[in-house]
Amino acid sequence: MIKAFISHSSKQKSFALELVERLGRDYCIIDCYNFEPAYKTLDEIYRKIDNSTVFVLLVSHDSLKSEWVEKEIKFAIHKLDSDKLNRFWPYIIDETLNVEECPKWMKNDECFNLRKFKSPYILACDIEQKFRKILWEKNTRRQLLDTLMVGRNEDIAKFEDKFQSFIGLKLRSLIISGRDGVGKDTFAKQCMQKVGYPPEIEPYRISTNPNENVENFIIYLNIISRTYSDDELQQVLSKEPKEKAKTVVKLLNELYNTQSVVFVNDDMTCVLPNRDMPQWLKDVIEDDTLNNQLGLFIMTRKSPNSFIESEHPQVAHIQLMPLNRKDRVKLFINYVRAYKIDNITEEDVNFFVDQLLQSPQQILQVVDALKTKPKALVKKDIQNLIHIGDKKIQPLLEYFSEDEQRYLLIILSKIDFVSYELLEGIFEERIIEAMEAIGEMMEYGIVCAFGPSERYFRLDHYIADYIRRCHMSLPKDWEQHVDNVLEKQIAESKSITEDTSLYLYDIKRRILSGKSGSSVFLIPSIVVGTIVEIYNKQDYKLVIQICDSVLTEMHNYYEDVVRELRYWLCLALCRTQKERFFDEVKNIEGADYYFLLGFYRRIEKNYSRAEYYFRKALDISHNMQRAKRELVTALLAQNKYQDALNMAKENYESNPENSYQIHGYFRCLVRKSNLDRNDYLTLEELMGAMKNNHSDKHEELYSAMNIEYQAYIKHMPYESLYELIKETENQFPNSYNVKRAVHLYMFKRGIDTKEIIFDED
């Protein structure tokens, strides 16, 4: 096993200890952790250096003056003869020390490439890369698994054409789009090698969520570089938008100067829902002071618009499609060889390759399973792997159904991203089991790790949103325990640079409680995200109050953030039916303007007028999903079931986990004339989907659907149906959905003589 002896001056002990924590104590030898008691110190030093793989020297004014460090250096050089001095790694960690002040033997005789590292995180990354190279020398299978990519020859050729052209001289960023699991990360690493980076280099990683902005990017980069103290970071975040973009440039350059790149696992932050880039990112990549290199790789599900490269020559885009069958066969066989599995037949290869149609990651998971489990068992379990790999929420929640796994998902949905330290505080002696669950969630692509030593974890946005919308909660004892840990750790650390996840959660908590002040508004993504949460809790008055406060006091947001705040202000004014809405909506343009007018009329229960405006919005933006959803609602309120059917079907297929989309599609389809066999099967599918849904309203909605299903599909006798209706009304006495289903049936039979229009949720 690799061991690094950390030689340092006692005055740099805190830096050295932080470095050891980032690398892992198992990989380091440092006096305070590893020296045996009662032995002579010098004997222990020599014995530990002798047992180490590499010698890491933290160079500073103090260490160069230290007699102990001098003895350690002499012994290390004696141990490492001239052909092994590549295991002697000196790093300057003293900002006041110039290279010229280093010993002659270090800078001239041995010609070490001396660089400054003021962040133990960045230094740990450099050492880890060197560790990886040593490990690969000893374990070629590990190197193959870490670097293997089969196929993608055409995609690599496309990248080379772009990079080696005249335009390639300007490239600062590569956007790689494609569905999850298609191999974007592996492809990006191949592109790095084509650019000239060594294969062992591991990029710095950032993970984003929707609505995040330049401020979040600054925070994430500063987590790695440690450029700004807490007070300095507060000042940076208070600057004007263009200045904040320049701060990103500065931080990127600091990382690039250590011969590395940045990978962004993007979820609609760098490539927006409208397929454009945000203005802050354009300002960053177009900045003349940004290092002249391709260093920013953005992996995203959503493809940018077709003109992104012509509008912004600093950006290239490659879209990755799933591997074809021939390449899947090659990849499967390469993994089988790497794992040295002998009992695989051609029939086995064909079986697995034909089942695994999309994801290289799934192929690796299958081969990994074949190494330790019987083939018959792996074949039996493969449908479960495929089902979960589809990233549908229901099967994922069913798979991670053990209590602690479910609690972990709920905790991850509660906080934007969670540090290892916070998880350790919550799970205590069960932290190993919790991290094993995190590791499995990462394999299935629903959790990603980022930051120094990948110590922060973020749950997939769609799953987190689903858990919140369904009001899935922890048991009371667990909820109290988590709150106690949060309170304790927040009280102990108010610093944005110490545990960023806690700091951002505390800001969100303060906004939720109605506390204001300029400091809570420094990070607009937290403001917008919290406004959405408050809106969903139906506290529209507080939404209006926060939006007014931010829009009045703050002048350092990019325009797209201001537009987002005005949009949520208008939604809250719609909900409260304030006449002020008509003044505020004038600040909104395009399809959103007509959507908001339609939403106001829908809340007003003027459904025909709402329908008119939603159709106007769709004339401008044909794929505006929220306009399609609201149009179905307006049509259902007018009993225009046939008009709504096709759009309700589309809404359901685009979001089959949403209980309201299930309900809306069912209400339209159950009234379709001349139902065919597929329609009957779909109605049964919708009933099953609602029954197994995790929404807190799924039982109520299922009961309302069941009344209509028994009445119109099963043609239950009136006496039996009447009993079912009474039983359901007793169970849900205040449900508009149940009352609507009952009334429509009674009205159709002539039992109710006056038609009633019910509110639509």
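Students sometimes get this wrong: rank Lys380, Lys118, Lys189 by accessible area, probe 1.4 Å, all chains present, largest first.
Numbers: Lys380 160, Lys118 85, Lys189 50 Å².
Sorted by accessible area, descending: Lys380, Lys118, Lys189.
Per residue, the stretch 482-617 exposes 44 Å² of accessible surface when a 1.4 Å probe is rolled over the protein heavy atoms with every protein chain present. Computed on the stretch 160-299, the Cα convex hull volume stands at 115 Å³ per residue.
Considering only lysines 8 or more places apart in sequence, or on different chains, count the pairs in the stretch 593-652 whose C-alpha atoms sit under 16 Å apart. Provide the component values of the computation, followed by the final result.
Working: Lys605/Lys640; Lys616/Lys628; Lys628/Lys640; Lys628/Lys649; Lys640/Lys649.
Value for the stretch 593-652: 5.
Can you check how the C-alpha radius of gyration of the stretch 371-484 compares to 2.2 N^0.38 Å, as a plain ratio? Write down the numbers at each step before the final one.
Values: Rg = 14.9 Å, N = 114, 2.2 N^0.38 = 13.3 Å.
Relative to the rule-of-thumb radius for its length, the stretch 371-484 sits at 1.12.
Values of log10 I(q)/I(0) for the chain across q = 0.10 Å⁻¹ run -1.20, by the Debye formula with one identical scatterer at each alpha carbon and no solvent.
Helical content of the chain, expressed as a calculated mean residue ellipticity at 222 nm, amounts to -18000 deg cm²/dmol (DSSP H runs of 4 or more residues, -39,500 (n - 2.57) each, divided by residue number, nearest 500).
Calculated from the alpha-carbon coordinates, the stretch 520-673 shows an Rg and a Dmax of 16.7, 57 Å respectively.
Counting only protein chains, not ligands or nucleic acids, how are Asp676, Asp288 ordered by accessible area (probe 1.4 Å), most first? The partial results should precede the final answer.
Working: Asp676 70, Asp288 150 Å².
From most accessible down to least: Asp288, Asp676.
Rg/Rh for the stretch 668-761 (Cα atoms only, Rh after Kirkwood) is 0.95. Our coupling estimate for the stretch 94-103, obtained by passing each phi through the Karplus curve with A = 6.51, B = -1.76, C = 1.60 and θ = phi - 60°, is 9, 4, 8, 9, 8, 4, 4, 7, 6, x Hz, Gly and Pro reported as x. In this structure the amide hydrogen of His317, modeled in the peptide plane, comes within under 5 Å of the amide hydrogens of Ile175, none closer than 5 places in sequence on its chain.
What is the Cα radius of gyration of the stretch 229-283 over 2.2 N^0.38 Å, N being its residue count? All intermediate terms of the calculation are to be shown ahead of the outcome.
Values: Rg = 13.1 Å, N = 55, 2.2 N^0.38 = 10.1 Å.
That works out to 1.30 for the stretch 229-283.
Scanning residues 5 or more positions from Val59 or on other chains, those with amide H under 5 Å from its amide H are Tyr91, Ile92, Ile93, with H placed 1.01 Å from N in the peptide plane.
For the stretch 599-722, the pair-distance distribution built from all alpha carbon pairs, in bins 5 Å wide starting at 0, is 2, 11, 20, 20, 20, 13, 9, 3, 1, 0, 0 percent. Restricting the calculation to Cα atoms, the stretch 649-717 yields a radius of gyration followed by a Dmax of 11.4, 36 Å. If exposed GluC sites (Glu not before Pro) are those in a DSSP loop with at most 11 other Cβ within 10 Å, what is the longest stretch of the chain that has none? So the longest stretch without any such site is 96-401. Here the stretch 186-217 and the stretch 411-446 have alpha carbon centers that stand 23 Å from each other.
Considering the convex hull of the alpha carbon atoms of the stretch 402-461, report its projected area averaged over all viewing directions, in nm², one decimal.
Numbers: hull surface 15.3 nm².
Quarter of the Cα hull surface area: 3.8 nm².
Could you work out Rg/(2.2 N^0.38 Å) for the stretch 585-663, with Rg from alpha carbons only? Present the calculation step by step, with values, prior to reporting the outcome.
Values: Rg = 12.1 Å, N = 79, 2.2 N^0.38 = 11.6 Å.
This ratio for the stretch 585-663 stands at 1.04.
Using DSSP to call loops (not H, G, I, E or B), can you name the trypsin sites (Lys or Arg not before Pro) in the stretch 431-535 whose Cβ has at most 13 other Cβ atoms within 10 angstrom?
Values: sites: Arg455, Arg458, Arg468, Arg469, Lys476, Lys488, Lys494, Lys508, Arg509, Arg510, Lys515; in loops: Arg455, Lys494, Lys515.
Counting only loop positions with at most 13 other Cβ atoms within 10 Å, the trypsin sites (Lys or Arg not before Pro) in the stretch 431-535 are Lys494, Lys515.
Entry note, the chain: relative contact order of 9 percent, from Cα contacts under 8 Å with a spacing of 6+ residues.
Residue ranges 333-339, 360-366 sort as 360-366, 333-339 when ordered by packing (mean number of other C-beta atoms within 10 Å per residue, highest first).
The values are calculated or read from the model by the stated rules, or taken from the named source; none is laboratory data. Small disclaimer: the values here were computed from a predicted structure and weren't measured. When we count neighbours, we look across all protein chains shown, and the Cβ atoms used for this are built from the backbone with ideal geometry, even at glycine. What goes into the accessible areas is simple: the full protein's heavy atoms, side chains included, and nothing from ligands, DNA or RNA. Shrake-Rupley method; radii C 1.70, N 1.55, O 1.52, S 1.80 Å.
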